[in-house]
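The values are calculated or read from the model by the stated rules, or taken from the named source; none is laboratory data. These numbers were taken from a predicted model, which means no experiment stands behind them. Reconstructed Cβ throughout: ideal geometry from the backbone, glycine too, with neighbour counts over all protein chains shown. Calculation scope for accessible area: heavy atoms of the full protein, side chains included, ligands and nucleic acids excluded. Shrake-Rupley method; radii C 1.70, N 1.55, O 1.52, S 1.80 Å.
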Amino acid sequence: MKNKLSTIVSALLLSGSVYAKDINIVNGWQMKGSDSGFTNMNAFNKSCIETIWSYDTANNRWKAYSPNISKQNIINNNTSVMSLSSLNESDGFWVNANSDCVIDGNITNSTTGQETTVVYSEDFSSNPNFISNNESIIYWDDIEENYYAESIDVSSGIGKYVGLSPTFKYITPLDTSFSIEFDFNPVKPDFGSYPFISFIDNNIFKIDGDKLEGKSFQVVNSYENQNGKKIRFNTTNGVTEVVSSITTSANTWYHVNISYNHISKTIDILILNKTDNSIYLKIDDLNGDNLGNFNQIFIGGWAVPPKYGSNGIIKVDNIIITK
């Protein structure tokens with residue numbers, strides 16, 4: 001296998017089959033190359049990437065990199081594999097991806113000149129160690145390998161449906177730029193119950209009536225009217241920053257990319273329909289002044305009277321947070 005892959009790499013490079021600038025990635029395994037190389041692996045810190053492999057001919061060993069923290073730990077603990085930290089312009093490399101995406105071949109460092117860091121990643125291929133207050137409707141689906149969340153409308157009291165990730169290092173928007181990617185599926189939209197994914201400060205998090213305290217921002221499949229559901233992006237104190245112009249399609253996967261620049265205090269949002277990679281929503285330079293700190297993910301929802309509907313369901317997959 002080693003010699004075969006090395007031969008393929010050499011043949012591709014000799015034939016000039018390398019890529020400049022954007023590198024188109026498709027689901028599955030593929031051989032790629034770059035005419036400029038990568039001084040670090042920042043460009044590959046995307047939720048679509050499972051692993052990157054390159055053969056080191058000097059040491060006769062494979063090198064590998066993954067933006068998924070658990071996978072990278074496995075690589076680091078494997079004595080037969082070296083950690084991949086850069087790629088020369090002459091290096092061919094194998095990419096294993098879980099979906100189609102594009103890698104910017106010009107990215108070597110972040111906009112501040114510092115390397116980006118993966119703060120949290122989860123592809124739900126193994127137990128994510130989320131804490132659920134109701135595992136019958138808020139749970140890790142070990143068959144489909146994603147996270148399932150259901151919110152049930154109520155006629156009295158408060159319905160709380162909470163799935164909490166492990167905590168991670170604080171993201172502080174005051175002085176930190178960050179990027180978040182995840183896949184979002186509005187499996188069953190409902191008029192009256194709106195499950196969501198929210199990024200929270202676990203030290204002040206609580207559900208108080210119809211408010212979620214400790215929230216930095218969230219993405220929710222909310223309502224426009226009884227017939228149509230749209231994706232909303234809400235920030236601290238429930239301020240709605242943006243609502244999509246078109247309704248979502250039930251049981252359809254969307255890829256969400258949220259980027260925040262702490263210098264300009266602006267947010268860019270790109271949402272793609274994964275069925276055909278078409279743009280569902282693209283908006284740039286949202287005001288990010290009121291983003292709060294966060295160090296945990298909340299997948300679930302809550303409901304308060306009056307009761308309008310029955311239940312809403314979402315699924316979430318392939319989360320990656322970098323700063």
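Remind me, relative contact order of segment 71-201 in percent, using alpha carbon pairs under 8 angstrom and six or more residues apart? Please list the in-between numbers first.
On the way: 90 pairs, mean separation 21.0, N = 131.
RCO, segment 71-201: 16 percent.
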message: Just want the answer: with Cβ charges of +1 for Lys and Arg and -1 for Asp and Glu, which residue in Leu286, Ile23, Gly33 is farthest toward the dipole's positive end in the chain?
response: Gly33
- prompt: In whole angstrom, how far apart do the alpha carbon centroids of segment 230-283 and segment 119-179 sit?
  reply: 18 Å
statement: For Lys215, the lysines lying under 21 Å Cα to Cα, once residues fewer than eight places off in the same chain are dropped, come out as Lys160, Lys169, Lys206, Lys230, Lys265, Lys315, Lys323
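Kindly work out what percent of the DSSP beta bridges joining two residues of the chain are antiparallel, to the nearest 5. Could the numbers behind the result be given before it?
Numbers: 96 of 99 bridges.
Here the share of antiparallel DSSP bridges comes out near 95 percent.
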task: For segment 257-323, state which chymotrypsin sites (Phe, Trp or Tyr not before Pro) are in a DSSP loop and have at most 14 other beta carbons lying within 10 Å of their beta carbon.
output: Tyr308
query: Can you list residues whose amide H is under 5 Å from Asn134's amide H, if they're 5+ apart or on another chain and H is modeled 1.01 Å from N?
result: Val162
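Could you report the chain's accessible area per residue, 1.4 Å probe, as an integer in Å²? Numbers along the way, then the final one.
Values: 14760 Å² over 323 residues.
Heavy-atom SASA per residue in the chain reads 46 Å².
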- prompt: Once you treat every alpha carbon in the chain as an equal point and sum by Debye, what is log10 I(q)/I(0) at q = 0.06, 0.07, 0.08, 0.16 Å⁻¹?
  reply: -0.22, -0.30, -0.39, -1.36
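In segment 131-236, what GluC sites (Glu not before Pro) fall in a loop by DSSP, with at most 16 other Cβ atoms inside 10 Å?
Values: sites: Glu135, Glu144, Glu145, Glu150, Glu181, Glu213, Glu224; in loops: Glu135, Glu144, Glu145.
Those that pass, being in a loop and sparsely packed, are Glu135, Glu144, Glu145.
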- prompt: Protein chains only, probe 1.4 Å: how do Ser249, Ser66, Ser85, Ser132 rank by accessible area, largest first?
  reply: Ser85, Ser249, Ser132, Ser66
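With the cut-off at 1.5 for a/c, could you classify segment 244-323 from its C-alpha gyration tensor as rounded, prolate or oblate?
Numbers: a/c = 1.77, a/b = 1.28, b/c = 1.38.
It comes out oblate by the Cα gyration axes.
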- request: Quantify, in whole percent, the carbon and sulfur part of the accessible surface of the chain (1.4 Å probe; protein heavy atoms only).
  value: 48 percent
